[in-house]
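First the structure, in the form of structure tokens, and then the observations on it.
Computed from the coordinates by the stated procedures, all read-outs in this text should not be read as laboratory data. Please read all numbers here as calculations on a predicted model, not as lab measurements. Every residue, glycine as well, gets a Cβ built from its backbone with ideal geometry; the counts of neighbours run over all protein chains shown.
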Amino acid sequence: MKSLLVTSLFAIGAIAFTACGSSNTKHNSSEEAQTTESTEEVTSDPTPSEIKSIVVDVRSQEEWDNDGHAPCTKLIPLPELESRVNELKGYDKVTFVCRSGGRAGRAKQFLEGQGFTNVENAGPWQNAPCK
């Protein structure tokens, strides 16, 4: 079961890596944001101040230490995400960042496969939505 999940994660990652370009990523994020906004208005979801959110950086520890990181992010390297998914279950919204958006996209797809519904790929770590 675990090997099937890992294989699926890598296959999804390969597809995401080859299919996403910077313009596609921004376009998809805009579409997702528009969908989320309209859903929030219709269903009376909690206001942004009531939403418990987290920004997760899925780069390696080495990248985090040497290349910098946003102060509001939590480091969960992509290879550890499956074993650490329970750390994210208490959040209403999870936003992923990495170096360019590829790993963040794989992390987003993985979390959605685990039943998370409010997940975002913010792209490079410099785009982390710190408040």
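Residue separation times 0.36 nm, minus the C-alpha to C-alpha distance between residue 114 and residue 66: what's the value? Provide the component values of the computation, followed by the final result.
Values: separation 48, 0.36 × 48 = 17.28 nm, distance 3.11 nm.
Between residue 114 and residue 66, full extension yields 14.2 nm more.
Annotation for residue 82 and residue 50: the two label points, set 7 Å from Cα along the Cα-Cβ direction, are 3.7 nm apart. Couplings for region 120-130, taken from phi via the Karplus curve 6.51 cos²θ - 1.76 cosθ + 1.60 with θ = phi - 60°, read 10, 9, 8, x, x, 4, 5, 8, 4, x, 6 Hz in order; Gly and Pro are left as x. Between rounded, prolate and oblate, where does region 76-126 land on the alpha carbon gyration tensor, with a ≥ b ≥ c its root eigenvalues, rounded for a/c under 1.5, else prolate if a/b exceeds b/c? The shape class here is prolate.
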